[in-house]
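**Student:** Have a look at this one.
The values are calculated or read from the model by the stated rules, or taken from the named source; none is laboratory data. Computed from a prediction, not measured in an experiment: that's the story for all the values here. Using ideal geometry, Cβ is built from the backbone for each residue, glycine included, and neighbour counts are taken over all protein chains shown.
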Amino acid sequence: MSDNLIRVGTRGSRLALAQAELFQRALTAAGAEVAAETVVIATTGDRWQAADAKPDTLTKAVFTKELEEALLAGAIDVAVHSAKDLPAELPDGLVIGGVLCRAAVNDVLVSRAPLAAVTAKPGAVIATGSVRRRRQWLERYPGTEFMAIRGNLDTRLRKLREQPAWDGLILAQAGLERLCPDTDGLIVSVLPTDFIKPAAGQGTIVIQCAADSAWLPVLRRVTHRASLVRWRAERAFLRAIGGGCQAPLGVLARVYDGVCLHVAAVYYAGSAAAGRHAYLTGSALHPEELGQRLAERVLGRV
């Protein structure tokens with residue numbers, strides 16, 4: 001480690017680079033007098049996205065494994081991740097040292113027609129590769145058809161424009177706002193969280209480092225407390241369910257008045273069309289406990 005140079009590991013996508021830049025801006029805003037060097041590392045997930053192909057088997061760490069290996073090898077000082085890409089368990093020796101202020105948590109529908117027209121159309125075709133999004137959409141609009149889609153944000157928007165039979169594409173609002181892609185001629189409709197709950201940590205940028213990293217005091221300075229509490233509750237829920245980023249569930253935690261924590265979730269068991277919806281309210285001082293209790297409730301254990 002150099003006293004004033006922090007090596008920031010990131011994936012090479014436009015979104016990942018934008019998030020690494022947001023971290024570097026947060027360092028400056030916090031008054032950290034350090035220089036940052038961006039180190040781009042390709043991950044398994046990046047390789048199959050670039051090839052527009054998906055291996056038969058994937059671990060839950062397809063977008064994080066190589067970054068974590070670089071951390072453990074000392075090749076980088078920190079890794080910047082989208083929180084929703086992280087597996088439920090971290091490798092031994094690594095911790096989350098910082099959590100930036102959370103962006104918008106909602107999903108959005110990008111379409112040619114207004115949202116009301118899309119949802120009213122029998123057999124509407126929606127592009128998404130997310131089980132979470134499909135199951136929640138189908139609970140309200142059971143006649144919808146879905147098309148699997150992969151690739152980065154620009155690729156997905158291009159595919160939507162090239163497929164006139166597709167009525168819409170579901171994306172994360174945070175990604176759109178961070179990249180501001182060309183959506184001319186398209187309508188972006190924010191989907192309420194009581195319609196589609198987000199993935200655990202959606203919209204949240206987390207900074208991973210070694211458990212004994214000398215950079216931990218600096219990372220604490222850029223951490224947004226409420227965002228950290230919300231992420232801890234949602235992550236505890238995900239861990240207790242035993243799911244990853246493709247699990248059929250949505251979860252959202254919110255902090256009120258700095259002390260009250262509300263967590264709501266939906267979980268789809270097997271092939272059941274209706275999800276198990278539940279919520280709990282408790283102390284923001286104990287987010288993991290609340291997240292775990294909520295998981296037990298949707299699993300029917302309490």
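**Student:** Which pairs turn up if I take residues in segment 170-184 that are within 20 Å of Ser130 (Cα to Cα) and assigned by TED's automatic domain parsing to the domain that holds Val118 and look for partners that are in a strand (DSSP E or B) and not hydrophobic (A, V, I, L, M, F, W, C) with beta carbon separation below 7 Å, at least 6 apart in sequence or on another chain?
**Tutor:** Here the result reads Ile170/Asp107; Leu171/Asp107; Ala172/Asp107; Gln173/Asp107, each pair linking segment 170-184 to a residue that is in a strand (DSSP E or B) and not hydrophobic (A, V, I, L, M, F, W, C).
**Student:** Shifting gears a bit: Looking at Ala50, is it modelled with pLDDT under 90, out of contact with any strand residue (DSSP E or B) (no Cβ under 8 Å at 6 or more places or on another chain), more than 26 Å from Gly242 (Cα to Cα) and not charged (D, E, K, R)?
**Tutor:** yes
**Student:** Next question. Any idea which of (1) under 20 Å from Thr204 (Cβ atoms); (2) modelled with pLDDT of 95 or more; (3) within 17 Å of the chain's Cα centre (by Cα) is the one Thr128 doesn't satisfy?
**Tutor:** So the condition that Thr128 fails would be (1).
**Student:** Follow-up. Scanning segment 80-127 for residues that are in contact with an Asp or Glu (Cβ under 7 Å, 6 or more places away or on another chain), among the hydrophobic types (A, V, I, L, M, F, W, C) and not in a loop (DSSP other than H, G, I, E, B), which turns out nearest to Ala233 (Cα to Cα)?
**Tutor:** Leu94
**Student:** Given Ala210, Ala214, which one is out of contact with any Leu (no Cβ under 9 Å at 6 or more places or on another chain), touching a residue at least 12 places away in the same chain (Cβ under 8 Å), assigned by TED's automatic domain parsing to the domain that holds Ala30 and surrounded by fewer than 23 Cβ atoms within 10 Å (Cβ to Cβ)?
**Tutor:** On the way: Ala210 fails: out of contact with any Leu (no Cβ under 9 Å at 6 or more places or on another chain).
Selected residue: Ala214, the only one of Ala210, Ala214 that is out of contact with any Leu (no Cβ under 9 Å at 6 or more places or on another chain), touching a residue at least 12 places away in the same chain (Cβ under 8 Å), assigned by TED's automatic domain parsing to the domain that holds Ala30 and surrounded by fewer than 23 Cβ atoms within 10 Å (Cβ to Cβ).
**Student:** Hey, another quick one. How many of the residues in segment 128-172 are assigned to a loop (DSSP other than H, G, I, E, B), of a type outside the set (Phe, Trp, Tyr) and closer than 25 Å to Val266 by Cα?
**Tutor:** Within segment 128-172, the first condition is being assigned to a loop (DSSP other than H, G, I, E, B), and the residues that meet it are 128-130, 141-144, 148-152, 163-167.
Right, trim to of a type outside the set (Phe, Trp, Tyr) and you get 128-130, 142-144, 148-152, 163-165, 167.
If we keep only those that are closer than 25 Å to Val266 by Cα as well, we get 128-130, 142-144, 148-150.
Within segment 128-172, residues that are assigned to a loop (DSSP other than H, G, I, E, B), of a type outside the set (Phe, Trp, Tyr) and closer than 25 Å to Val266 by Cα number 9.
Rundown of residues vs (1) among the polar types (S, T, N, Q); (2) at pLDDT 90 or above; (3) in a loop (DSSP other than H, G, I, E, B), yes/no style:
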site	(1), (2), (3)
Glu21	no, yes, no
Ala32	no, yes, yes
Asp46	no, no, no
Leu58	no, no, yes
Leu67	no, yes, no
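**Student:** Still on this structure, I have one more. Which numbered condition trips up Thr223, out of (1) within 30 Å of Thr119 (Cα to Cα); (2) touching a residue at least 60 places away in the same chain (Cβ under 8 Å)?
**Tutor:** (1)
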